[in-house]
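The values are calculated or read from the model by the stated rules, or taken from the named source; none is laboratory data. Since the structure is predicted, the reported quantities are computational estimates derived from the model, not experimental observations. Don't worry about glycine lacking a Cβ; one is built from the backbone with ideal geometry, like all the others, and counts go over all protein chains shown.
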Amino acid sequence: MNYKTKSWDDVLFQGLVTGLLLSILLIVIVPMWKVLIMSVTPLNYINTQVLGLWLPLTKWSFEAYRQLLGHPAFIRAASNSVVITISGVTINMLLTVPFAYALSNRELPGRKLFIMMVMIPFLFNAGLIPTYLVVQKMGLVDTYWAVILPGGINIYNLLVMKSFFEGLPDELKEAARLDGANELQVLWYVILPLSKPILLTIGLFYAVGHWNEFFNAILYLNDAKLQPLPILLRNILLAANMNEYVEYNAFSSASVQAIKAASVFITMLPMVLIYPWVQKYFTKGTLLGGVKQ
């Protein structure tokens, strides 16, 4: 077997790409590592040492995490984020999947009209004030629904899922219809089992959006008991008095900086853990017009 020798252009290109990716990795990893080190740095070590990117493992202190996780305000905010994320993703997928499947059916009556109706709000936004008035008139202010329903369907995610469904072999759908299956059964028994990549990809997109929900939450959720983690994180980072969020006093063994860093790390940790599990499906899930074999 003959192997083609790589040219210098190929080697140079691969080297540049590798260097670029490593640079991006460092840009992402170094701040995360800095936040982690800050969060586990004990109070006496901060007062006597110059902070850097390294701290001996024997010096690590989890007092900041203990104080945060033991405070009712943090637990309540984390619970709110979990409820908003799970409920939001469930509603998003229940609305997006059947709508995308319907639009992917080229024989759907009025298909072009429906696509045009989808594209108009995608290209033209009604604005903040009309949206707020609609949410207020519906009585959704100070409820979880205020941050879930306005984003029930993301048009970009809808179009990506529609294109994926269009790339699936029509023969499979026709075979199911010939066997007497209706469209709902075709979707459930034929389309969805073949669509794991797109379902996980779009589901992750929705989950990240809900977990990081900030603007709608600060706009519609005036009750502190309903506010999610990003709002609490913002309040902690801006707080002059930490006693509102943790039991902090002169005898505390965790510094204010460590508590703030721990709150940042805990907030981003769930998405950091979930992403590597779903990442392998991104290429398949976002490939427009790809046909699964």
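Just one of the listed residues (PHE251, PHE265) is at pLDDT below 75 and either assigned to a helix (DSSP H, G or I) or more than 20 Å from the chain's Cα centre (by Cα) (or both), namely PHE251.
Out of the residues in the range 165-175 that are closer than 17 Å to LEU108 by Cα, part of a helix (DSSP H, G or I) and of a type outside the set (Asp, Glu), which is modelled with the highest pLDDT? Residue satisfying both the conditions and the ranking: PHE165.
Tell me, which residue of the range 53-89 that is of a type in the set (Ser, Thr, Tyr) and free of Cβ contacts under 8 Å to residues at least 40 places away in the same chain is farthest from MET32 (Cα to Cα)?
Let us first name the residues in the range 53-89 that are of a type in the set (Ser, Thr, Tyr), namely 58, 61, 65, 79, 81, 85, 87.
Applying the additional criterion that residues be free of Cβ contacts under 8 Å to residues at least 40 places away in the same chain yields 58, 79.
Numbers: THR58: 20, SER79: 24 Å.
Here the answer is SER79.
Within the range 237-245, the presence of a residue that is closer than 18 Å to PHE62 by Cβ, touching a helix residue (DSSP H, G or I) at 6+ places or on another chain (Cβ under 7 Å), crowded, with 18+ Cβ neighbours inside 10 Å and at pLDDT 80 or above is excluded. For the range 135-156, a tally of residues being over 14 Å from THR96 (Cβ atoms), in contact with a Leu (Cβ under 9 Å, 6 or more places away or on another chain) and in a helix (DSSP H, G or I) returns 4. Looking only at the range 69-81, decide whether some residue is in a loop (DSSP other than H, G, I, E, B) and exposed (fewer than 11 other Cβ atoms within 10 Å of the Cβ). No: the range 69-81 contains no residue that is in a loop (DSSP other than H, G, I, E, B) and exposed (fewer than 11 other Cβ atoms within 10 Å of the Cβ).
Would you mind stating whether THR96 is outside any helix (DSSP H, G or I) and under 29 Å from VAL208 (Cβ atoms)?
On the way: outside any helix (DSSP H, G or I): no; under 29 Å from VAL208 (Cβ atoms): yes.
Taking the combined requirement at face value, the residue does not satisfy it.
Considering the range 5-62 alone, what residues qualify as being modelled with pLDDT of 85 or more, assigned to a helix (DSSP H, G or I) and within 18 Å of GLN257 (Cβ to Cβ)? If the condition is that a residue be modelled with pLDDT of 85 or more, assigned to a helix (DSSP H, G or I) and within 18 Å of GLN257 (Cβ to Cβ), then VAL30, PRO31, MET32, TRP33, LYS34, VAL35, LEU36, ILE37, MET38, SER39 are the ones that fit. Would you pick out the residues in the range 185-197 that are closer than 14 Å to TRP277 by Cα and surrounded by 14 or more Cβ atoms within 10 Å (Cβ to Cβ)? Residue satisfying the conditions is PRO197 alone.
The set of residues in the range 90-110 being among the β-branched types (Val, Ile, Thr) and free of Cβ contacts under 8 Å to residues at least 12 places away in the same chain consists of THR90 alone.
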